[in-house]
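Peer 1: Pasting a structure here, questions to come.
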Amino acid sequence: MTIPKRAADYKTQTYWNSRFQTEDSYEWMGSFDAFAADLCSLLEPEFSILVLGCGSSSLSYDLYQRGYHKVTSIDFSDVAIDNMKRRYASVPCLKWVLGDVRELPQIFECDQFDVVVDKGTFESLIADEGDPWNPSDTTKKDVDLMLSGIQRILRPKGFYFHISFIQPFFRSRYLRKLKEEKNENPYGLDLISIHSIPVGLGYYMYTMSKMDRQCWTQPSNA
Ligand SMILES: C[S@@+](CC[C@H](N)C(=O)[O-])C[C@H]1O[C@@H](n2cnc3c(N)ncnc32)[C@H](O)[C@@H]1O
């Protein structure tokens, strides 16, 4: 495994491409079994699911094996996407898309997915946040692009599962936008539950649901 020189490298395509040249398979923040029961309790077999930043994780295939056959996975590493296409060539219904999670509305249709799953990809995006009490402007912009994009491509009442090692106090601030900003829920994503995942150092699964259009006012800068 290639260890980055600086935390900020986790944000770069160059770092991930070089890592996936040699890393066939790696599971960040626990394997599917650790959170499958909570996640699957909200899913229907016909749901269309998007996995963000799939890397070399088996999550997309694990979902397929559980009976979810409409699974699309996106990553900005062409090496990862090529590896996954090769690894799962015998499962043609799994779709692999090369793209940036900050550009989701340019890649997918509005309301296209019932579910979006993110395991560790948000952490890459904020790898150079600086002071967590006062993140850098670049980090705030990237988070804004990713979360507002998820809001757009999720259908109303669709679910966003966000798996992270960051504790609720800090993570909720991002998910609800930083506290000091005026709009209470700019992404139209309702945080409906936080489950602990008792693996390794301990992780969390934040479950959000896209609010109905009528109960959500889009912020003017979205
Ligand atoms: C920490 S790894 C998580 C991998 C996988 N989800 C897992 O659970 O093991 C982050 C992944 O997100 C991808 N990634 C990072 N930033 C991205 C971006 N802006 N757009 C798309 N993919 C990104 C990386 O290439 C990498 O595969």
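Peer 1: So is Ser77 crowded, with 20+ Cβ neighbours inside 10 Å, polar (S, T, N, Q), over 20 Å from Phe159 (Cα atoms) and at pLDDT 95 or above or not?
Peer 2: Values: crowded, with 20+ Cβ neighbours inside 10 Å: yes; polar (S, T, N, Q): yes; over 20 Å from Phe159 (Cα atoms): yes; at pLDDT 95 or above: yes.
So Ser77 passes the test.
Peer 1: Here's another thing I want to ask about it. With respect to Tyr88, determine if the residue is of a type outside the set (A, V, I, L, M), more than 14 Å from the ligand (Cβ to nearest atom) and farther than 15 Å from Ser25 by Cβ.
Peer 2: no
Peer 1: Only one of these conditions is not met by Lys119: (1) in contact with a Leu (Cβ under 8 Å, 6 or more places away or on another chain); (2) farther than 25 Å from Asp9 by Cβ. Which number is it?
Peer 2: Evaluating Lys119 over (1) in contact with a Leu (Cβ under 8 Å, 6 or more places away or on another chain); (2) farther than 25 Å from Asp9 by Cβ leaves (2) as the failure.
Peer 1: Asn83 versus (1) part of a helix (DSSP H, G or I); (2) more than 29 Å from Lys157 (Cα to Cα); (3) within 10 Å of the ligand (Cβ to nearest atom): which is the lone unmet condition?
Peer 2: Among (1) part of a helix (DSSP H, G or I); (2) more than 29 Å from Lys157 (Cα to Cα); (3) within 10 Å of the ligand (Cβ to nearest atom), the lone unmet condition for Asn83 is (3).
Peer 1: Same structure again: Could you say which residue among Leu145, Leu191 is within 15 Å of the chain's Cα centre (by Cα) and modelled with pLDDT of 90 or more? Outline the logic, then answer.
Peer 2: On the way: Leu191 fails: modelled with pLDDT of 90 or more.
Result of the check over Leu145, Leu191: Leu145.
Peer 1: Return the total of residues in segment 20-60 being surrounded by 15 or more Cβ atoms within 10 Å (Cβ to Cβ), within 8 Å of the ligand (Cβ to nearest atom) and not polar (S, T, N, Q).
Peer 2: Adding up the residues that qualify gives 10.
Peer 1: Residues that are in contact with a Pro (Cβ under 8 Å, 6 or more places away or on another chain) and not in a loop (DSSP other than H, G, I, E, B): does segment 18-31 have at least one?
Peer 2: Taking segment 18-31 first, the residues in contact with a Pro (Cβ under 8 Å, 6 or more places away or on another chain) are none.
Checked segment 18-31: no residue is in contact with a Pro (Cβ under 8 Å, 6 or more places away or on another chain) and not in a loop (DSSP other than H, G, I, E, B).
Peer 1: Of the numbered conditions (1) charged (D, E, K, R); (2) modelled with pLDDT under 95; (3) over 29 Å from Asp33 (Cα atoms), Arg176 satisfies every one except a single condition; which is it?
Peer 2: Just one mismatch for Arg176, condition (3).
Peer 1: Continuing with the same structure: Tell me whether segment 153-169 contains one or more residues that are within 17 Å of the chain's Cα centre (by Cα), assigned to a helix (DSSP H, G or I) and modelled with pLDDT under 95.
Peer 2: Yes, segment 153-169 has at least one match.
Peer 1: Which of the residues belonging to segment 5-17 are within 11 Å of the ligand (Cβ to nearest atom) and free of Cβ contacts under 8 Å to residues at least 24 places away in the same chain?
Peer 2: Passing the criteria: Thr12, Thr14, Tyr15.
Peer 1: Another one. Out of Asp128, Asp111, Asp118, which single residue is assigned to a loop (DSSP other than H, G, I, E, B) and within 14 Å of the ligand (Cβ to nearest atom)? Even if it seems obvious, please write down each step before you answer.
Peer 2: Details: Asp111 fails: within 14 Å of the ligand (Cβ to nearest atom); Asp118 fails: assigned to a loop (DSSP other than H, G, I, E, B).
Step by step, each of Asp128, Asp111, Asp118 is checked, and only Asp128 is assigned to a loop (DSSP other than H, G, I, E, B) and within 14 Å of the ligand (Cβ to nearest atom).
Peer 1: From the list Ser41, Ser73, Ser31, Ser57, which residue is hydroxyl-bearing (Ser, Thr, Tyr), in contact with an Asp or Glu (Cβ under 6 Å, 6 or more places away or on another chain) and either within 29 Å of Ser196 (Cα to Cα) or in contact (Cβ under 8 Å) with a residue 24 or more places away in the chain (or both)?
Peer 2: Details: Ser41 fails: in contact with an Asp or Glu (Cβ under 6 Å, 6 or more places away or on another chain); Ser73 fails: in contact with an Asp or Glu (Cβ under 6 Å, 6 or more places away or on another chain); Ser31 fails: in contact with an Asp or Glu (Cβ under 6 Å, 6 or more places away or on another chain).
Criteria check complete, one pass: Ser57.
Peer 1: Another one. Give me a count of the residues in segment 131-151 that are farther than 23 Å from Glu109 by Cβ and assigned to a helix (DSSP H, G or I). Before the answer, list the steps.
Peer 2: Residues of segment 131-151 farther than 23 Å from Glu109 by Cβ: 131-141.
Keeping just the survivors that are assigned to a helix (DSSP H, G or I) gives 137-141.
Adding up the residues that qualify gives 5.
The values are calculated or read from the model by the stated rules, or taken from the named source; none is laboratory data. Computed from a prediction, not measured in an experiment: that's the story for all the values here. Cβ sites come from the backbone with ideal geometry, for glycine too, and all protein chains shown count toward neighbours.
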